[in-house]
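The values are calculated or read from the model by the stated rules, or taken from the named source; none is laboratory data. The model shown is predicted, which means the values in this text are computed figures rather than measured ones. Note: ideal-geometry Cβ built from the backbone for every residue, glycine included; neighbour counts use all protein chains shown. The area values use the complete protein model at the heavy-atom level, side chains included, leaving out ligands, DNA and RNA. Shrake-Rupley method; radii C 1.70, N 1.55, O 1.52, S 1.80 Å.
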Amino acid sequence: MDINCTKEERLILERIAQVAKSLQMPCYLIGGFVRDKLLGRNSKDADIVCLGDGIILAEAVAASFSPKLNVSFFKNFGTAQFKLPNGFEVEFVGARKESYVAHSRKPEVQNGSLVDDQNRRDFTINAMAISLCPSDYGTLIDPFNGINDLELKIIRTPLDADITFSDDPLRMMRAIRFATQLNFVIEAETLAAIKSNKERLKIISQERITDELNKIIAAKTPSIGLDLLYQTGLLEIFFPQMVTLAGVEIIEGKGHKDNFYHTLQVLDNVAYRSNNLWLRWAAILHDIAKPATKRFEQGHGWTFHGHDALGKKMCTTIFRQLKLPLNEHLKYVGKLVALHLRPISLSKEEITDSAMRRLLFDAGEDLEDLMMLCESDITSKNKLKVRHFLENFELVKQRLKIVEEKDKIRNWQPPIDGADVMRIFKLPPSREVGFIKTAVREAILDGIIPNEYDAAYQYMIEKAAEMGFEPVV
Ligand code: ATP
Ligand code: MG
């Protein structure tokens, strides 16, 4: 076998072959492992297809280890898998033949030959097998010339593309996902079939669509996939808000930038700087409210006032719609979207310490990520302008660092909180308590008083007196 296996991979494959031989069960490596090894990529798992019962083979291989490996299996699908101590996963399945009925993505399944099994695979590059049988161990079995498509960097369905996508519309998302991850081109007929079958995506659960979407977003250059989703019409089906970003309107000879392609550029810029999936989501959503807030002001031009605050609200709707987790990840993305204009505006104005302190306080532990998002948001075609902005931005970063070191404002709690106010003035929880507490915090952030208990206490007494409250302790 002239594919680039690690020593551990070689050993497990030889062991599987040995056990299969003793069971007289022909078996083959298939799918992603074969593809990735031929491409010289690492793989975290391998799929084995056998002519017989995959569960029996998996159990027998697992039992050959001491201690025996734990096998988990899905009887309904006839698949079984185990994980090696080094984390590598192997999945076993009996070769099968599938036939689809309309209106469902659940096929009728029967036992089949290796070729039947290869026929049901989604793409030529995913249908290649390598024999683990004693007679032809290591031979590539490639009925659709997937190796050629690997060389040409092409995603193509083995059989009729229309039928392949109509049978299982998730494959359309997978086509775009592989094109993005591998930087391959989708062959013309396959691409046309995605466009004409886009409505079929509606029979797929949102969770599975979002799984593929997240894999696209996690790729090195996510814009490839998002642009394909847009061009094929799939994006419109599950994420219409993003499609609304596309296009340019011109009034009085003034246009605004195409916010869809701007967003893709920001996303790629963020992806270049960080692997954090949620920071990438913040890039996707940072301007999502621009269409809804767009106005043309006579003599001035296009404005998008409030797109930061509305954008944050839209994050919740979109996370719900896409079945993304409604937990701290949503909170983080919403926060970055709400704050994404703040560092940029600092780089334009005279920078005051109090503006810096405010940003440090509001961004807290997510400041570095916010700065990454904002730097990525500078996408003008004018190179000089970009350089100028980035230089200003560098200045903001340095000043932030100085203020942070001096004031330790990040993750900061004001010296006086609501409980103190209630105790000192013997007040019940009320608007007044909130007002006094906020006044103290703002005075510290604005630099009116130092960040110390005594000064804060004095200031609180003054503010409360203006409202007619006297301390009772
Ligand atoms: P990766 O693991 O990197 O996502 P992969 O190719 O291994 O890539 P899997 O989802 O693990 O993808 O699937 C393993 C194999 O099963 C694929 O290579 C393909 O041959 C087949 N396959 C998976 N999903 C489908 C599908 N929806 N339709 C047809 N074949 C599929
Ligand atoms: Mg896989």
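When you look at residue 472, is it open to solvent by 60 Å² or more (accessible area, probe 1.4 Å) and of a type in the set (Val, Ile, Thr), yes or no?
Judged against the criteria, residue 472 is a match.
Please tell me if residue 93 is within 13 Å of ligand 1 (Cβ to nearest atom) and either in the same structural domain as residue 25 (by TED's automatic domain parsing) or of a type in the set (Lys, Arg) (or both).
Judged against the criteria, residue 93 is a match.
Quick one: which helices (runs of 4 or more DSSP H) sit completely within segment 191-255 and have at least 1 residues that are closer than 21 Å to residue 325 by Cβ and open to solvent by 60 Å² or more (accessible area, probe 1.4 Å)?
Per the criteria, 206-217.
Got a sec? Which of 23, 29, 39, 69 is open to solvent by 10 Å² or more (accessible area, probe 1.4 Å), in contact with a helix residue (DSSP H, G or I) (Cβ under 9 Å, 6 or more places away or on another chain), within 16 Å of ligand 1 (Cβ to nearest atom) and of a type in the set (A, V, I, L, M, F, W, C)?
39
Given the structure, is residue 31 at pLDDT below 95 and in the same structural domain as residue 92 (by TED's automatic domain parsing)?
no
Conditions tested, residue by residue: (1) within 28 Å of the chain's Cα centre (by Cα); (2) within 15 Å of ligand 1 (Cβ to nearest atom).
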residue: 50; (1), (2): no, yes
residue: 61; (1), (2): no, no
residue: 83; (1), (2): yes, yes
residue: 87; (1), (2): yes, yes
residue: 107; (1), (2): no, yes
residue: 119; (1), (2): no, yes
residue: 124; (1), (2): yes, yes
residue: 144; (1), (2): no, yes
residue: 154; (1), (2): yes, no
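For segment 260-267, state whether one or more residues are open to solvent by 20 Å² or more (accessible area, probe 1.4 Å), at pLDDT 95 or above and not aromatic (Phe, Trp, Tyr).
yes
I'm trying to understand the selection: among the residues of segment 22-70, which are of a type in the set (S, T, N, Q) and away from ligand 2 (no atom under 16 Å from the Cβ)?
Selection gives 22, 24, 64, 66, 70.
In segment 428-457, which residues are exposed (fewer than 13 other Cβ atoms within 10 Å of the Cβ), in a helix (DSSP H, G or I) and not aromatic (Phe, Trp, Tyr)?
Residues satisfying the conditions are 431, 434, 454.
Failed condition for residue 150, given (1) within 11 Å of ligand 1 (Cβ to nearest atom); (2) in a helix (DSSP H, G or I), with all others met?
Here residue 150 meets the rest and fails (1).
Within the group 186, 141, which residue is away from ligand 2 (no atom under 16 Å from the Cβ), open to solvent by less than 20 Å² (accessible area, probe 1.4 Å) and under 20 Å from residue 39 (Cβ atoms)?
Answer to the selection: 186.
Would you say residue 132 is at pLDDT 95 or above, open to solvent by less than 70 Å² (accessible area, probe 1.4 Å) and farther than 26 Å from residue 226 by Cβ?
For residue 132, the condition - at pLDDT 95 or above, open to solvent by less than 70 Å² (accessible area, probe 1.4 Å) and farther than 26 Å from residue 226 by Cβ - is met.
If a residue must be within 16 Å of ligand 2 (Cβ to nearest atom) and part of a strand (DSSP E or B), how many such residues does segment 73-95 contain?
Here the count works out to 11.
With (1) out of contact with any helix residue (DSSP H, G or I) (no Cβ under 9 Å at 6 or more places or on another chain); (2) closer than 30 Å to residue 201 by Cα; (3) not small (Gly, Ala, Ser) as the list, and residue 79 as the residue in question, which single condition is left unmet?
Looking at each condition in turn, residue 79 falls short on (1).
Does residue 49 fit the bill of being among the hydrophobic types (A, V, I, L, M, F, W, C) and within 19 Å of residue 140 (Cβ to Cβ)?
Yes; evaluated as a whole, the condition is true for this residue.
Could you list, in sequence order, all residues of segment 299-312 that are touching a residue at least 12 places away in the same chain (Cβ under 8 Å) and open to solvent by 50 Å² or more (accessible area, probe 1.4 Å)?
305, 309, 310, 312
Please verify whether segment 49-66 includes one or more residues that are closer than 20 Å to residue 147 by Cα and surrounded by 15 or more Cβ atoms within 10 Å (Cβ to Cβ).
yes
Picking from 56, 48, 12, which residue would you name as being in a strand (DSSP E or B) and of a type in the set (Val, Ile, Thr)?
Being in a strand (DSSP E or B) and of a type in the set (Val, Ile, Thr) holds for just one of 56, 48, 12, which is 48.
Cβ-Cβ distance below 9 Å, separation of 6 or more or different chains: which pairs start in segment 218-232 with a residue that is in contact (Cβ under 8 Å) with a residue 60 or more places away in the chain and end on one that is of a type in the set (Val, Ile, Thr) and in a helix (DSSP H, G or I)?
232/176; 232/194
Within the set of pairs 6 or more residues apart or between chains, which connect a residue that is in a helix (DSSP H, G or I) inside segment 21-37 to a residue that is within 12 Å of ligand 2 (Cβ to nearest atom) and hydroxyl-bearing (Ser, Thr, Tyr) with Cβ atoms less than 7 Å apart?
Cβ pairs passing all conditions: 32/43; 33/43; 36/43; 37/43.
Report whether or not residue 383 is within 30 Å of residue 262 (Cβ to Cβ) and of a type in the set (Lys, Arg).
yes
Are there any pairs, at least 6 apart or on different chains, whose C-beta atoms fall under 7 Å, with the first in segment 144-173 and open to solvent by 50 Å² or more (accessible area, probe 1.4 Å) and the second of a type in the set (Asp, Glu), and if so, which?
Pairs that qualify, where the first residue is open to solvent by 50 Å² or more (accessible area, probe 1.4 Å) and the partner is of a type in the set (Asp, Glu), are 156/149; 156/187.
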